[in-house]
Amino acid sequence: MNNNITITVLGAGSMGTGIAQVAATAGHKVVLYDTNPEALKRAQAFILKMLNRSAEKGRISDADAKAIFSRLYLAEDLTAAQESDLVIEAIIENLEIKQSVFKKLENIVGEACILASNTSSLSIASIAAACGNPERVVGIHFFNPAPLMKLVEIIPAIQTDDAVLKKARTWIDEMGKLTVLARDTPGFIVNRVARPFYGEALRIYEEGIAEPATIDWAMTEIGGFRMGPFTLMDYIGNDINYTVTATVFKAFYYDPRYRPAFTQQRLSEAGYLGRKSGKGYYDYGENSVRPEPNKDTALGNQIFSRILVMLINEAADALHLRIANREDIDLAMTKGVNYPKGLLAWADEIGIDNCVKQMDALYDEYHEDRYRCSPLLRRMQRKEETFFEHIV
Ligand SMILES: NC(=O)c1ccc[n+]([C@@H]2O[C@H](COP(=O)([O-])OP(=O)(O)OC[C@H]3O[C@@H](n4cnc5c(N)ncnc54)[C@H](O)[C@@H]3O)[C@@H](O)[C@H]2O)c1
């Protein structure tokens, strides 16, 4: 059976390029559209390079690489989206511009075409509201780089038709991705639940408890995370990471749990963006030497436990507010940001009672709303419940 469809990807930037490669690799005809012809050329050359590299490494055959590349069409005119079954928008993160593109699209595509947005921070409802038929709009949120990251968050807006949601999810599943369902709220699952990984690390640093190298050491060596928070922020780019935090903070009506750190804002303002600018929390110059961490185990454990419990509290609260189900929350963090364990399973492992006590100890110390314990954890502690069934 041939399930191949025509997919138009709008925006040939980092995300659009990756999404186009994923869709073409899955056998679909892909139209990649951008208003900037240079971006289109860059995207095409990049995809070709990636396919050739995969063929050289023997992951795909030369013939497959050629066939995938032949399914990719470039377009500078939106009318090229005419035959699409699915459009995935990955243009600039600006609501007015996205809305105007969706409005134009509706006059071009057929009635059955599904319109998706890859937005990280805008609500799907607000994008759908610009359309005459908002029921066909859905969020499909890939992670960067799209060909490598297995997770995709699927976000129905309140307007989205169930059949549209089901079809869109099936198409993405069939591309070999792992989809999770997220409520249309700021940051969806990953960009919400992951905030304390950066925020609490920055807070620990700002309070002078430890330097970035020590915090990174604690999180990788003791916690088992692949990258420490400061290495990761330097890798993502301090400008980008700061903007995500600031956007989430604002979208949550300034909930102190998501408050951005001045440290990161200053780094961003100074152009200390991380790897891409040669300097961030660390120096990436040719002869630079990484500062040595303070490998004090008690200090390391204190840092790791504090960041972990803040992450667990965030994950528990996401479940409490029905942002996603517990399986999807844990999958999102292990597959979307490569956490060593799902946070809810981790909570079970270290004990719900322990989590509540740690959160309450932080609250007692600071008396800040930032450290409020999720009501769900407290309720579970009272009832001696766990997130998942355990076979003892
Ligand atoms: N970068 C990430 O890590 C990431 C991850 C997930 C989702 N997203 C989301 O994906 C979207 C794209 O992000 P990106 O990082 O790929 O951006 P980018 O800046 O790399 O690319 C955006 C592209 O869109 C094009 N563009 C701008 N306005 C356009 C218009 N009106 N019509 C057609 N093309 C237009 C630009 O020329 C550019 O090539 C954003 O909504 C972003 O929030 C980004």
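The values are calculated or read from the model by the stated rules, or taken from the named source; none is laboratory data. All figures in this text were calculated on a predicted structure; none of them were measured in a lab. All Cβ positions, even for glycine, are placed from backbone atoms using ideal geometry, and neighbour counts span all protein chains on display.
Please verify whether the range 261-268 includes one or more residues that are aliphatic (A, V, I, L, M), within 16 Å of the ligand (Cβ to nearest atom) and free of Cβ contacts under 8 Å to residues at least 40 places away in the same chain.
no
Just checking, does the range 7-22 include any residue being surrounded by fewer than 18 Cβ atoms within 10 Å (Cβ to Cβ), more than 15 Å from the ligand (Cβ to nearest atom) and at pLDDT 95 or above?
no
State all residues of the range 24-39 that are in a helix (DSSP H, G or I), out of contact with any Phe, Trp or Tyr (no Cβ under 9 Å at 6 or more places or on another chain) and in contact (Cβ under 8 Å) with a residue 40 or more places away in the chain; if no residue qualifies, say none.
Residue satisfying the conditions is Thr25 alone.
Determine which member of the set Gly285, Gly300, Gly274 is over 24 Å from the mean Cα position of the chain (by Cα) and buried (at least 19 other Cβ atoms within 10 Å of the Cβ).
Selected residue: Gly300, the only one of Gly285, Gly300, Gly274 that is over 24 Å from the mean Cα position of the chain (by Cα) and buried (at least 19 other Cβ atoms within 10 Å of the Cβ).
Is there any pair linking a residue in the range 237-252 that is in contact (Cβ under 8 Å) with a residue 24 or more places away in the chain to one that is outside any helix (DSSP H, G or I) and of a type in the set (S, T, N, Q), with Cβ under 6 Å and at least six apart or on different chains, and which?
Thr247/Ser121
Name every residue in the range 308-355 that is part of a helix (DSSP H, G or I) and more than 19 Å from the chain's Cα centre (by Cα), in order of residue number.
Within the range 308-355, Val309, His320, Ala345, Trp346, Ala347, Asp348, Glu349, Ile350, Ile352, Asp353, Asn354, Cys355 meet the criteria.
Right, Gln21: farther than 18 Å from Lys177 by Cα and either acidic (Asp, Glu) or in contact (Cβ under 8 Å) with a residue 12 or more places away in the chain (or both) or not?
no
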